[in-house]
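Below is one structure; the comments refer to it alone.
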Amino acid sequence: MSRVFKLKSSDNETFEVEEAAALLSETIKSSSSTEITVPNVKAEILGKVVEWCNKHAESEDTKDQLIKEWDAEFVSVDQHVLFKLITAADYLQIKELVDQLTQRVGDMIKAKTLKTVEMTYPTFNVEREVQEELKSLGF
Amino acid sequence: MHVSEEIVEQILSRLPPKSLMRFKCVCTLWCNLIKSPSFVAKHLSNSLRASSSSSVSILFKHTVEKKVENNDHAETGDDVETLLSSLYLCNEIDDDFDDLVAEVLRVPPPMNQIIRSSDLRIAGHCDGITCLKIFVGNVVLCNPAIKEFKLLPKSCLLLPNDNDEYKYLDCELRYYTEFLGFGYDPKGKDYKVVRFEVYEESCYWFRAEVYTLGSNSWREVETEYTYREFFVMSGYCDEQMFFEGIYYWQVYGDVGRCILSFDMGDEIFNVISIPWEEIPDEYHVRLGEWKEAIALISCPTVPVVPQSFDIWVMNNSGNVKGSWTKCLTIGPMEGVEIPLLYAPLVFWKSDELLMVAEDGRVVSYNLEKQTVKYLPIHFVGDYFHTQAVAYVNSIVSINGGNKLEGIDNTDFYGINALGDGRLRAV
């Protein structure tokens, strides 16, 4: 009989997660208790992380095309949500999810910066331009 | 919203070199991070591992027509120039080649004045760094992704006419040819260039030296092959490659055509045989890397219709005395005629083979779907000297810059040279 883990968000909502999904998190794996509070992560975000874990627990084959498409949709979110998801996945140490999320941020940055032409290093103007671009991406 | 430094590092390590070079300007923290060896290594390992093909680019050496009004005889004289071009994917859509970009690499003088294709040769690549041979005796390392170039110091081996030791011998050491290899030594954790020189005429001499990036100098290496004849098949990149700590050249040796290898760590040469008994007559082989192993591609030397190639993979890649297994037959390919000798053949994206067709256009053949696609780049004139390598985009620095000084082209264009680039000893 598999254990059930309880994940509590910072706004006091509890999510019940089956063992297979829960153990995708290294933090949970190495925890002695089945009740884990995730600080600084609200229910809305924690819920999405749990959703990801549940999806990945049911399918063994991560190279499956359907899972890939599901993952691609999962990370296609607003950048603020993206960063919050990263914080949660990082705290819970879910490597695969952190990889996918950081890859998505990388792709967003790439898309913006590859459109610019020549780089001269270092000039004050370039620095300001780059800083503004990054600010608009949430850094 | 504050993201931890580790996460920032993770994100940055997935970006292409162009973006990273710009982000060095953002703040000192990022500048130091991007230059740090651990970050460079992390970025490299991401690129090598990446399942997307946007971290691999193709470097082409090709000859194009210069823009002149009169286009008669474009293949000879000063109406052509030899360029290095980069071919890369602009986004992640795998099956669609429309986002392929071909960009001419801006190289510092005098590399931008090379006329004849044989004056510039790609002599190996590793971790995003390419080794180039320019005119005779000049070795340049370059990382095209971060536009760094470095001219290596001159050879430490004395030419026979410089060396008193050889004066007592009867034979005239009139010619020498040099061959290069480049790769990473995993034991010494350094990048190395190996050069061996073969002296012709009545006696044959084979001497070798190694350059390490860390010491920025050459030193001679001892080898038992001093008196044997070794000719590299054509000196072109498809007859030589670096793989997992060892450099391989296809050569003519005492036993016929075989492979000469050099272990970058142990600095030892070795000979590997080619399975000629299992390859049809009038076929020759090309060296390549396929599915993380060394491969031989055997192709016919006389026109056969339809065209097909066999791929052989070396067993026990770690063991230099490995044997070969035939893995796959490519083709027959419909509707495309591939020139048989010397034109580039590069495995790209693990199931695509990049080739140059008879009409000079570059094609990519998909091994699984067995389809042919034309790429937005072509050649003029003789593809004989055309080369292509698939390199990974990295930010590994070679301690170079964007200038090159001291390239010796007097020996080639001056009065001491023979037409084919070899020096005549006086």
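Selection over segment B:38-58 of residues that are at pLDDT below 85 and among the charged types (D, E, K, R) gives a count of 1.
Within segment B:15-44, residues that are within 11 Å of chain A (Cβ to nearest Cβ) reach partners that are among the basic types (Lys, Arg) with beta carbons closer than 7 Å, at six or more positions or on different chains, in the pairs B:LEU15/A:LYS110; B:PRO16/A:LYS110; B:SER19/A:LYS110; B:TRP30/B:LYS24; B:CYS31/B:LYS24.
With A:VAL38, A:VAL17, A:VAL75 as the choices, which residue is of a type in the set (Val, Ile, Thr), without any contact (Cβ under 8 Å) to a residue 60 or more places away in the chain and farther than 30 Å from A:LEU134 by Cβ?
A:VAL17
Which one is farthest from B:PRO16 (Cα to Cα) among residues in segment A:89-110 that are of a type in the set (Val, Ile, Thr) and within 8 Å of chain B (Cβ to nearest Cβ)? Checked segment A:89-110; the qualifying residue farthest from B:PRO16 (Cα to Cα) is A:VAL98. Does segment B:233-252 contain any residue that is among the charged types (D, E, K, R), surrounded by fewer than 20 Cβ atoms within 10 Å (Cβ to Cβ) and modelled with pLDDT under 80? So far as segment B:233-252 goes, no, none of its residues is among the charged types (D, E, K, R), surrounded by fewer than 20 Cβ atoms within 10 Å (Cβ to Cβ) and modelled with pLDDT under 80. Picking from residues in segment A:22-71 that are in a loop (DSSP other than H, G, I, E, B) and basic (Lys, Arg), the one that is nearest to A:LEU82 (Cα to Cα) is A:LYS42. Checked against the criterion of being at pLDDT below 90 and either farther than 22 Å from B:LYS349 by Cα or of a type in the set (Asp, Glu) (or both), the candidates B:LYS61, B:LYS67 yield just one match: B:LYS67.
When the residues of segment B:27-49 are filtered to those that are buried (at least 19 other Cβ atoms within 10 Å of the Cβ) and more than 22 Å from B:CYS142 (Cβ to Cβ), the one that is nearest to the chain's Cα centre (by Cα) is B:LEU33. Of all residues in segment B:1-14, those satisfying the criterion of being surrounded by 17 or more Cβ atoms within 10 Å (Cβ to Cβ) and either touching a helix residue (DSSP H, G or I) at 6+ places or on another chain (Cβ under 6 Å) or facing chain A (nearest Cβ under 7 Å) (or both) are B:VAL3, B:ILE7, B:GLN10, B:ILE11, B:SER13, B:ARG14. Of all residues in segment B:70-86, those being hydrophobic (A, V, I, L, M, F, W, C) and at pLDDT below 80 number 2.
The values are calculated or read from the model by the stated rules, or taken from the named source; none is laboratory data. Since we're looking at a predicted model, the values are computed, not measured. FYI the Cβ positions are ideal-geometry reconstructions off the backbone, even for glycines, and counts take in every protein chain you see.
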